[in-house]
Amino acid sequence: MRRTLAVGLTLLTVTALATPTTAAPQKAPKQATLTNFAFLPAETFLPGSEPSGAALGTTPINGVTPPFADQPIQGFSGLVRNSDGTFDAISDNGYGTKANSADFLLRIHRIAPDFRKNTVDVLGGITLTDPNGHIPFPLTRPDRVITGADIDVESVTRGADGTYWMGDEFGPYLLHFDRAGRLMAPPAPLPGVRAPENPEGNPNLGGSKGFEGITLSPDGRTINALLEGTVTGDTPGTLRLNEFDIASNRFTGKTWRYQLEDPNFAIGDAIAVDANRLLIIERDSAQGVDAIVKRVYLADKRDRDRDGKLDKKVVADLLNLANPKHVGGQADPFKFPFVTIEDVTILDDRTIAVLNDNNFPSSSGRTPGKPDNNEFITIKLAENLHADPRVLGRR
């Protein structure tokens with residue numbers, strides 16, 4: 001059954017943090033609390049759009065049979081908060097690979113949750129294009145609409161001028177789009193780092209391990225861009241956090257190291273708390289009952305223990321969120337057991353929003369055999385973040 005723009009959303013807020021599920025040597029965090037829960041149904045499509053999913057074949061996936069008559073509104077991999085209660089969410093490259101996503105059009109969706117009704121409307125959006133030929137390699141489409149076979153956008157932030165910066169995994173690149181979704185300059189590559197999809201060859205980074213999290217600094221002058229994977233030669237499980245200067249449109253060469261709890265884990269997103277601290281989603285690659293680690297960490301560049309890596313502590317265990325009021329009809333504790341959890345944003349000094357990327361139609365972490373919805377939760381932390389006021393006021 002195919003649904004169009006109307007979206008059912010159940011929103012959730014989380015307080016403090018839960019006990020870590022691995023043997024990481026740190027004090028057990030206080031439990032966070034679920035306060036709102038919302039969902040965008042998996043089978044939500046953009047009406048009147050182009051067909052999509054041809055490369056998936058015709059065999060049902062989690063009960064959904066491709067290809068699709070329209071473009072699915074799915075795979076949220078980055079989120080920007082607006083001043084009017086709406087959010088801008090980007091879909092990633094489509095169906096998981098460069099090879100199967102040539103008919104998936106990259107897009108920014110504007111979504112509006114109504115927490116009283118536990119629903120969300122998709123108000124519209126913009127499709128990403130390169131009309132001026134800034135991308136130096138051939139695109140899939142002659143009209144220069146950007147597809148999931150061209151670029152894999154996984155993260156987004158917005159500059160003071162209202163333009164969008166997006167992090168890509170195929171380069172990895174940083175890309176700068178205007179408010180209408182038009183690319184404004186050539187993709188900015190990360191010097192010395194190449195993914196397997198990079199046309200220059202000689203990769204030293206795993207596939208789909210590029211810029212999974214990017215965030216604007218509180219002063220608006222720089223972007224911190226966090227890789228999802230370890231660069232060849234670096235210590236296993238360490239990820240480079242790279243500084244990019246907006247005025248000069250280049251990476252400065254300044255880096256920090258973020259240490260995963262396990263080399264097989266990955267990060268899902270990052271957002272600045274102040275000039276030194278970031279919230280970072282870290283996760284394993286399991287879903288449903290097999291999920292073990294889905295956490296939000298508070299990481300600090302100042303490296304007070306002088307081990308050469310960002311200091312970090314858990315502020316939300318997404319598999320153990322208190323839900324005494326059974327918000328959204330969900331259990332207590334509430335679990336967010338998805339393979340990919342790729343959106344975090346700060347709503348106030350103690351509340352964050354977290355969304356999953358549902359990998360439509362492939363992931364089934366909530367109900368085996370059914371495609372995951374895009375769930376939108378808000379989480380109230382156990383303690384204030386003491387964030388930079390510019391971060392709290394930013395939209």
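Things worth noting here:
- Criterion (buried (at least 20 other Cβ atoms within 10 Å of the Cβ), of a type in the set (Val, Ile, Thr), at pLDDT below 95 and within 19 Å of residue 124 (Cα to Cα)) met by exactly one of 80, 7, 14: 7
- Filtering the range 234-268 to residues that are on the phi < 0 side of the Ramachandran plot and touching a residue at least 60 places away in the same chain (Cβ under 8 Å) leaves 238, 241, 244, 246, 250, 251, 261, 262, 268.
- Matching option when the condition is surrounded by 23 or more Cβ atoms within 10 Å (Cβ to Cβ), modelled with pLDDT of 95 or more and either under 17 Å from the mean Cα position of the chain (by Cα) or on the phi < 0 side of the Ramachandran plot (or both), among 92, 103, 70, 152: 152
- Tallying residues that are buried (at least 16 other Cβ atoms within 10 Å of the Cβ) and over 17 Å from the mean Cα position of the chain (by Cα) within the range 262-274 yields 1.
- Test: residue 327 is crowded, with 23+ Cβ neighbours inside 10 Å and either on the phi > 0 side of the Ramachandran plot or within 18 Å of the chain's Cα centre (by Cα) (or both): no
- Enumeration of residues in the range 155-188 that are charged (D, E, K, R), open to solvent by 10 Å² or more (accessible area, probe 1.4 Å) and not in a loop (DSSP other than H, G, I, E, B): 158, 182
- Some residue of the range 248-256 being in contact with a Ser or Thr (Cβ under 8 Å, 6 or more places away or on another chain), buried (at least 18 other Cβ atoms within 10 Å of the Cβ) and within 21 Å of residue 156 (Cα to Cα): no
- Index of the failed condition, residue 285 passing every other in (1) under 16 Å from the mean Cα position of the chain (by Cα); (2) surrounded by 15 or more Cβ atoms within 10 Å (Cβ to Cβ): (2)
- One residue alone among 356, 374 is open to solvent by less than 50 Å² (accessible area, probe 1.4 Å), modelled with pLDDT of 95 or more and within 15 Å of the chain's Cα centre (by Cα), and that residue is 356.
- Listed by position, the strands (runs of 3 or more DSSP E) contained in the range 274-356 that have at least 1 residues being of a type in the set (Ser, Thr, Tyr) and touching a strand residue (DSSP E or B) at 6+ places or on another chain (Cβ under 7 Å) are 294-300, 340-348.
- Test: residue in the range 195-213 that is in contact (Cβ under 8 Å) with a residue 60 or more places away in the chain, under 23 Å from residue 267 (Cβ atoms), open to solvent by less than 10 Å² (accessible area, probe 1.4 Å) and not basic (Lys, Arg): yes
- For the range 330-348, filtered to residues that are of a type in the set (Phe, Trp, Tyr) and within 16 Å of residue 33 (Cβ to Cβ), the residue that is surrounded by the most Cβ atoms within 10 Å (Cβ to Cβ) is 336.
The values are calculated or read from the model by the stated rules, or taken from the named source; none is laboratory data. Note that the structure is predicted; figures quoted are calculated from it, not measured. In this analysis, Cβ positions are derived from the backbone assuming ideal geometry, glycine residues included, and neighbour counts consider all displayed protein chains. Accessible surface areas use protein heavy atoms only, side chains included; no ligands, DNA or RNA. Shrake-Rupley method; radii C 1.70, N 1.55, O 1.52, S 1.80 Å.
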